[in-house]
Amino acid sequence: MYLQGVQAEPLGIASNYYYTELMNEWPKLYNLQKDFYIDNEGTKIYTGGFYDEVLKTPSNIDYYLDFIDSNAAISQFSVNNIGRRTHVVNSNDINCVFEPTIPDFIIIELGRPDTEEKRRECEAKGQNYIQVDTSIFNLLATGGNLNSAYNEVKMLLHEYTSYNESVNIQTVPIYNLEPNIRIGARDIESDIYGDYMISSISIPLDVGGTMSISATRALERF
């Protein structure tokens, strides 16, 4: 599928559905430049192999491509059946594509009783710092004013790719729980395990009732 996309892209013809992801992820796992040969038509054909670190520690791989069996019930939701779906967001709050890299340093105000102490603390920890006059220090404002399109896309991925990662739990009332709290769930019979973020709860008012918890799997990376 990767090679099909590589051949289709320069010609401007349609590639497969997975090439957009594979073009970034597959070269990190598989060395395409390891070896090559020339076929009868004079075309250079690469025959590579998986990188050694991938073979030695496959548990560190952060990308997997799943194939849905055409006979499985979930195949009704495959791309071939339902087609591609586009989600468009129009927001005036987005003011950049990527947030710029902010230098990691501490600003210390000169002429204060704790100036020397803060300076020694930064030097002991190897932390970069800069000392400024009080007139400049008072003009500094904390907070952020950048909202990148990249972060918006990450949030959309989190919201719309976890459609099969939600659980509903019925339990005795646990009054210290509330939305946006991280919980752990494990049920061997349902094959459910991992960390989940509570999205909503329902606490009964009658004696002996059970509370209902709706939670979505907490994604560790995008």
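Remarks
- Residues whose amide H comes within less than 5 Å of that of ASN147, counting only those at least five positions distant or on another chain, are ASN95, CYS96 (H built at 1.01 Å from N in the peptide plane).
- Residues with amide H under 5 Å from that of ALA218, placed H, sequence gap 5 or more: ASP195, TYR196, MET197
- Our coupling estimate for segment 94-110, obtained by passing each phi through the Karplus curve with A = 6.51, B = -1.76, C = 1.60 and θ = phi - 60°, is 6, 10, 7, 7, 10, 5, x, 6, 9, x, 8, 8, 9, 9, 10, 7, 6 Hz, Gly and Pro reported as x.
- On the beta carbon distance between ASN147 and THR43, with R0 = 45 Å, the FRET formula returns roughly 0.45.
- Tail beyond 15 Å, pair distance distribution of segment 165-217 (Cα, percent): 44 percent
- Residues whose amide H comes within less than 5 Å of that of GLN131, counting only those at least five positions distant or on another chain, are ILE108 (H built at 1.01 Å from N in the peptide plane).
None of the figures in this text is laboratory data; all of them are computed from the coordinates on show. Please read all numbers here as calculations on a predicted model, not as lab measurements. A quick note on method: Cβ atoms are made from the backbone with ideal geometry, for glycine too, and the neighbour counts reach across all protein chains shown.
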